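Peer 1: Just dropping this structure here.
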Amino acid sequence: MASALSFRLEDRVAVVTGGSSGIGLATARLLLRAGARVAVCGRDRTRLDAAQGALAAEAGTDRLLAHRCDVLDADEVGNFADAVAARFGAADILVNNAGEGRVSTFADTTDEAWRAELDLKFFSVIRPTRAFLPQLERSAAGSIVCVNSLLARQPEQHMVATSAARAGVLNLVRSLGTELAPKRVRVNAVLIGLVDSGQWRRRFQAQAAAGESWEAWSAGLAKGKGIPLGRLGQPQEAAHAILFLASPLASYTTGTFIDVSGGLSRHV
Ligand code: NDP
């Protein structure tokens, strides 16, 4: 077998859900730099347009598609898959990244909140995977990467529903890896600890003391959490692991995950 020692993805089509901010945007940027044609989606048109502008400024528009789509809406996801096929042919890589965490304990999580969280975490993987699978199956190197959380293995009391849902998604990734292996579609995940992104910037806006800088606030957060590397991760650091799993360099890896938590995981 020839060595696949290359991150170049010139002939590949990559789809990143939630590609308009944070980890998804950094992943889209890296995939474009690696030569792929890239489609991103998000719900908010303004945020999507801003991301499209930033990506196009670096990579031009020929290899870029930005499509408004809520991954929880089956029709919209189907339309997104059709738009990718019409523009680029078929997808080789799907990054299931869209979503956010829910801060709540068991005591303050209602039935509706549980349902919403389980819906978001499972169907943000299920719907895009189902919609893009016929395209991925046609690829010689189909690959799905799910952006999951360390909470899947290390639950936190203040994020009870997110933790439980994330554990289910970790399990689902293993099942998908097995079921799709005969179709030559690999399925893996990254387990994120704390990475600087839109959701952390929103928490900073809501929680920081008057005049407190992001640097001071996030350093305090990293210290409080006991992150061994002493800081939050950068979105591109998550993107590096995602790119590896999506690329031919990970051609013999499926149904598993890479930890991107700065050493926060207590597991061996
Ligand atoms: P951001 O808020 O920066 O980015 C989230 C992206 O997802 C945005 O583009 C957002 O766009 C999009 N999105 C959210 N919901 C939907 C939806 N229903 N349909 C389509 N797009 C959607 O956050 P992150 O980069 O942090 O989050 C990326 C992933 O990483 C999420 O799944 C998150 O849970 C996970 N994660 C992040 C951690 C961190 O520390 N940053 C820790 C653990 C997991 P829009 O709102 O316009 O739809």
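The values are calculated or read from the model by the stated rules, or taken from the named source; none is laboratory data. These numbers were taken from a predicted model, which means no experiment stands behind them. Heads up, the Cβs are rebuilt from the backbone with ideal geometry, glycines too, and the neighbour counts pull from every protein chain shown. Calculation scope for accessible area: heavy atoms of the full protein, side chains included, ligands and nucleic acids excluded. Shrake-Rupley method; radii C 1.70, N 1.55, O 1.52, S 1.80 Å.
Peer 1: Scanning for something part of a loop (DSSP other than H, G, I, E, B), away from the ligand (no atom under 14 Å from the Cβ) and closer than 28 Å to G193 by Cβ, does segment 35-54 turn up at least one residue?
Peer 2: yes
Peer 1: How many residues are surrounded by fewer than 19 Cβ atoms within 10 Å (Cβ to Cβ) and not in a loop (DSSP other than H, G, I, E, B) when one looks only at segment 73-123?
Peer 2: 21
Peer 1: Another one. Given V13, V40, which one is modelled with pLDDT of 95 or more, of a type in the set (A, V, I, L, M), closer than 15 Å to A98 by Cα and buried (at least 24 other Cβ atoms within 10 Å of the Cβ)?
Peer 2: That would be V40, the only listed residue that is modelled with pLDDT of 95 or more, of a type in the set (A, V, I, L, M), closer than 15 Å to A98 by Cα and buried (at least 24 other Cβ atoms within 10 Å of the Cβ).
Peer 1: Do you know which residues across segment 39-67 are in contact with a Phe, Trp or Tyr (Cβ under 9 Å, 6 or more places away or on another chain) and closer than 20 Å to T129 by Cβ?
Peer 2: Matches in segment 39-67: A39, C41, L65, H67.
Peer 1: Take segment 226-253 and flag every residue that is of a type in the set (V, I, T) and surrounded by fewer than 21 Cβ atoms within 10 Å (Cβ to Cβ).
Peer 2: Scanning segment 226-253 gives I227, T253.
Peer 1: Could you go through segment 55-67 and let me know if any residue there is assigned to a strand (DSSP E or B), buried (at least 18 other Cβ atoms within 10 Å of the Cβ) and either away from the ligand (no atom under 14 Å from the Cβ) or modelled with pLDDT under 95 (or both).
Peer 2: Yes, there is a match, as at least one residue in segment 55-67 is assigned to a strand (DSSP E or B), buried (at least 18 other Cβ atoms within 10 Å of the Cβ) and either away from the ligand (no atom under 14 Å from the Cβ) or modelled with pLDDT under 95 (or both).
Matching residues to (1) at pLDDT 95 or above; (2) closer than 22 Å to A113 by Cα; (3) open to solvent by less than 20 Å² (accessible area, probe 1.4 Å):
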{"position": "G142", "(1), (2), (3)": "yes, no, yes"}
{"position": "V147", "(1), (2), (3)": "yes, yes, yes"}
{"position": "E156", "(1), (2), (3)": "yes, yes, no"}
{"position": "A161", "(1), (2), (3)": "yes, yes, yes"}
{"position": "A216", "(1), (2), (3)": "yes, no, no"}
{"position": "L221", "(1), (2), (3)": "yes, no, no"}
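Peer 1: Let me ask something else. Quick one: in segment 178-194, which of the residues that are open to solvent by 10 Å² or more (accessible area, probe 1.4 Å) and within 16 Å of the ligand (Cβ to nearest atom) is nearest to the chain's Cα centre (by Cα)?
Peer 2: I192
Peer 1: Same structure again: Test V169 against the criterion of being within 16 Å of the ligand (Cβ to nearest atom), part of a strand (DSSP E or B), of a type outside the set (S, T, N, Q) and touching a residue at least 12 places away in the same chain (Cβ under 8 Å), and give yes or no.
Peer 2: no
Peer 1: Could you tell me whether any residue of segment 236-248 is small (G, A, S), outside the structural domain of V187 (by TED's automatic domain parsing) and in a loop (DSSP other than H, G, I, E, B)?
Peer 2: Scanning segment 236-248, I find no residue that is small (G, A, S), outside the structural domain of V187 (by TED's automatic domain parsing) and in a loop (DSSP other than H, G, I, E, B), so the answer is no.
Peer 1: Something else about it: Any idea which residue in segment 124-140 is modelled with the lowest pLDDT, counting only those that are surrounded by fewer than 18 Cβ atoms within 10 Å (Cβ to Cβ) and under 25 Å from R8 (Cβ atoms)?
Peer 2: Filtering first and then ranking leaves A140.
Peer 1: The conditions are (1) under 15 Å from A246 (Cα atoms); (2) open to solvent by less than 10 Å² (accessible area, probe 1.4 Å), and I23 fails exactly one of them. Which is it?
Peer 2: (2)
Peer 1: Please list, ordered by first then second residue, the pairs with beta carbon atoms under 7 Å, 6 or more apart or interchain, first in segment 225-249 and at positive phi, second assigned to a helix (DSSP H, G or I) and surrounded by 15 or more Cβ atoms within 10 Å (Cβ to Cβ).
Peer 2: Pairs found: G230/A222.
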